[in-house]
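Inspection log for the structure reproduced underneath, given as structure tokens.
The values are calculated or read from the model by the stated rules, or taken from the named source; none is laboratory data. Keep in mind that this is a model prediction, so the values were computed, not measured. Because the Cβ atoms are built from the backbone with ideal geometry, glycine has one as well, and the counts that use them run over all protein chains shown.
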Amino acid sequence: MLKILKYSFYDLMRSRWSYVYFAFYLILGIVLLFLNTDLSKAVITLMNVIIVLVPLIGTIFGVMYYYNSKEFTELLLAQPLNRSSIFLGQYLGVALSLSMSLILGLGLPFVFYGLFKSNAIWDFSLLLITGTFLTLIFTALAFNIALSNENKIKGFGYAILLWLFLAVIYDGLFLMSLVLFEDYPLDKLSLFGTMLNPIDLSRTLILLKLDISALLGYTGAVFKKFFGTNFGLIVSIIMLSVWVILPVFRMLNKAKKKDF
Amino acid sequence: MKKIIISLIIIFYASVLNVKADTIEVCSTCNISKIKEAITISKDYDSILIKKGTYKEYNIIIDKPLTIIGVNYPIIDGENKGEIITIISDNVTIDGLFVINVGTSYTEDYAAIRVRKSKNFVIQNVVLEKLFFGIYLEKSRNGKVYHNKIIGNAVEEYNSGNGIQLWYSQNIEIEHNYIEHVRDGIYLEFSNNCLIKNNVSANNIRYGLHFMFSNDDIYQDNTFENNGAGVAVMFSKKITMLNNIFKENWGSASYGLLLKEINDAEIIGNIFEENTIGINIEGTNRINYKNNNFIRNGWAMKVRGACYANKFLSNNFLYNSFDISYNSKLNDNEFDNNYWSNYSGYDLDKDGIGDVPYRPVKLFSYIVNRTPETIILLRSLFIDIIDFSERVSPVFTPDNLLDNHPSIKKIEW
């Protein structure tokens, strides 16, 4: 598995897209930090970028990589190798190279800016951790979609739909249900609703760390009580891990049964 | 002319009396070791010098015009038994005392220093600690409260008192005081023509400064930091608010400035920074907001019902989560020539005024008003999309709520 991981990883490291992705974050980080004097403001803008772009790129890249390396995968399958190690290796290769672009691309400008002396370091680390989680989650989901669809166009379509659903439509439905049931106590429901969507969960985690919680009024108090404590943080991390583990398991299962 | 002659005569007599005034010293080793004793034997316009030491006294009643001066901050310890100093005479000066341990009562408002029905008093350089009420001015006029430091230890609203309280008092000047950890820093009830200047009021449980039924007052150059709400102005007329700083009044029910049922006020040159709600207004009429800075607040301004003829001109709205929340019609309120950091229009003719009007009310702020729980979707992509579509064609928000001449650059004054 490690060999395949290594191969995928180096393959991707050599590819143009990794550089573009890395350069994008690098430039974004530099622009935000050196044209903007306020560090916590920069973290908020970065959050907006991360919760939208990271899932999108994770899905698209995952699907693309799978379809592109399909022939190579088939070649590997002919070898006496464990199927799960092939797919796990490929998946981790993609996910880790994307995460690395993200962490290095955003991390470098922040380090040069003097992050270690600033008290925004925790907000920033949280940002990178959630970004990494989102990459892992959405790449896994992308592999699932690609494995289930032989047709490339269909696969891309589903991948974009998935992103659209979790990033936009879910929030719309969530908002509608909150407005619809406004006569009922909603804090439990909204807590539950946020937990179910990894993008919402990441957003809420970062927002609460940025102390926007006071804006949230009574609901904020409930949320702060949950997410602000170690318990809430652990539950959120577990939830995000579940979001990684479940798609990976389904991917491995699917790969085992699939007839290539 | 007659008045001038009379006042000249008064001044003359006063100076004559002053010449005759004695100085009485109080210290633990002096002939007189009690403050009460000194007051009893003193004559009008005497001075009482209190030397350094601890005086365990309470219910000290000053019933003649005296000047009481503490040397090196003598401590007057009320031992939590009740009120400490009560002034019931005109022309009293209190200077440089350290008063601690005022009794707490649920039936009486014990104060460290109370002024009752007196004129021309001066209270300065006093330090008050462990207090219930600090300085309580009751039906008094023409007084000065300067350079005092009031540090309470209030935890709950129901069993704590206010730092400086004015009740039916007129023409009082309150300057350069530092007040923290009490219920209301400064509280004015039925008090008119007062000037509140250069004070710092911080970490109070309820309000930094609180007006009730008080008219024609001015407060300027004060700092209100980290209070339940910075300043509350209620049921008052003609209050002038100049160059104050409202900072970090942050919490689920906190405001920088709370205006309720007030008319004809001027709010000019203030800074509202990092408050949950910068200004909350309800039932206010004919108020001019000019040259204020709203920086990084949750809501810069929350406008609730029944507000008419308010003018918001030339203010800076910088990086607030929401600029304005509005839950009624525009009425005849006016927004013009403000700078909005969220403005995304252009200025083709380069006259410094954006060519496209700015809509300060977002759809999301309207939704949050209706269902507060939805705020959990703050900064979600979906919210940005619906905000954008609402901005293009307003359906829910008042469509005439516009700044027709948004400034392109931050307004300087």
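Brief remarks follow.
- Within region B:148-183, being assigned to a strand (DSSP E or B) and among the aliphatic types (A, V, I, L, M) holds for B:150, B:151, B:164, B:166, B:174, B:179.
- Boolean, residue B:356 is among the β-branched types (Val, Ile, Thr), closer than 30 Å to residue A:47 by Cβ and away from chain A (no Cβ under 14 Å): yes
- Extreme residue, surrounded by the fewest Cβ atoms within 10 Å (Cβ to Cβ), among residues of region B:316-342 that are small (Gly, Ala, Ser) and under 26 Å from the mean Cα position of the chain (by Cα): B:321
- The numbered conditions (1) under 28 Å from residue B:386 (Cα atoms); (2) surrounded by 14 or more Cβ atoms within 10 Å (Cβ to Cβ); (3) not basic (Lys, Arg) are all true for residue A:66 except (1).
- Looking only at residues in region B:238-253 that are in contact with a Ser or Thr (Cβ under 9 Å, 6 or more places away or on another chain) and more than 19 Å from residue B:317 (Cβ to Cβ), the one that is modelled with the highest pLDDT is B:239.
- Of everything listed in (1) out of contact with any Phe, Trp or Tyr (no Cβ under 6 Å at 6 or more places or on another chain); (2) within 21 Å of residue A:60 (Cα to Cα); (3) in contact (Cβ under 8 Å) with a residue 60 or more places away in the chain, the single unmet condition for residue A:145 is (1).
- Among the helices (runs of 4 or more DSSP H) confined to region A:177-235, the ones with at least 2 residues that are at the interface with chain B (Cβ under 8 Å from one of its Cβ atoms), under 23 Å from the mean Cα position of the chain (by Cα) and modelled with pLDDT of 80 or more are located at A:187-196, A:198-209.
- Residue selected from region B:359-380 under the condition among the hydroxyl-bearing types (Ser, Thr, Tyr) and at the interface with another protein chain (Cβ under 7 Å from one of its Cβ atoms), by the criterion surrounded by the most Cβ atoms within 10 Å (Cβ to Cβ): B:380
- No other residue among A:46, A:33 is within 14 Å of chain B (Cβ to nearest Cβ) and either crowded, with 19+ Cβ neighbours inside 10 Å or at positive phi (or both) apart from A:46.
- If you go through region A:1-22 and keep only what is touching a Ser or Thr at 6+ places or on another chain (Cβ under 8 Å) and outside any helix (DSSP H, G or I), you end up with just A:1.
- Residue B:204 meets the conditions (1) within 25 Å of residue B:275 (Cβ to Cβ); (2) part of a strand (DSSP E or B) in every case but one. The failed one is (2).
- Qualifying residue in region B:264-278 (condition: acidic (Asp, Glu), assigned to a loop (DSSP other than H, G, I, E, B) and under 19 Å from residue B:214 (Cβ atoms)): yes
- Figure legend. Inter-residue proximity from region A:73-88: first residues touching a residue at least 40 places away in the same chain (Cβ under 8 Å), second residues charged (D, E, K, R), beta-carbon distance below 6 Å, spacing 6+ or different chains. Indicated pairs: A:83/A:256.
- Positions within region B:115-144 being surrounded by fewer than 24 Cβ atoms within 10 Å (Cβ to Cβ), of a type outside the set (S, T, N, Q) and in contact with a Leu (Cβ under 9 Å, 6 or more places away or on another chain), in sequence order: B:116, B:127, B:138
- Across region A:166-176, the qualifying residues are those that are closer than 18 Å to residue A:50 by Cα and among the hydrophobic types (A, V, I, L, M, F, W, C), and the one among them that is farthest from the other protein chains (Cβ to nearest Cβ) is A:166.
- Any hit, region B:280-303, residues being at pLDDT below 90, within 17 Å of residue B:411 (Cα to Cα) and touching a Lys or Arg at 6+ places or on another chain (Cβ under 6 Å): no
- Out of B:379, B:391, sole residue that is closer than 25 Å to residue A:199 by Cβ and part of a loop (DSSP other than H, G, I, E, B): B:379
- Meets criteria (more than 14 Å from chain A (Cβ to nearest Cβ) and in contact with a Gly (Cβ under 9 Å, 6 or more places away or on another chain)) for residue B:328: yes
- Single residue of B:70, B:82, B:53 found to be buried (at least 22 other Cβ atoms within 10 Å of the Cβ) and small (Gly, Ala, Ser): B:70
- Search result, residues across region B:280-302 that are within 14 Å of chain A (Cβ to nearest Cβ), touching a Gly at 6+ places or on another chain (Cβ under 6 Å) and part of a loop (DSSP other than H, G, I, E, B): B:297
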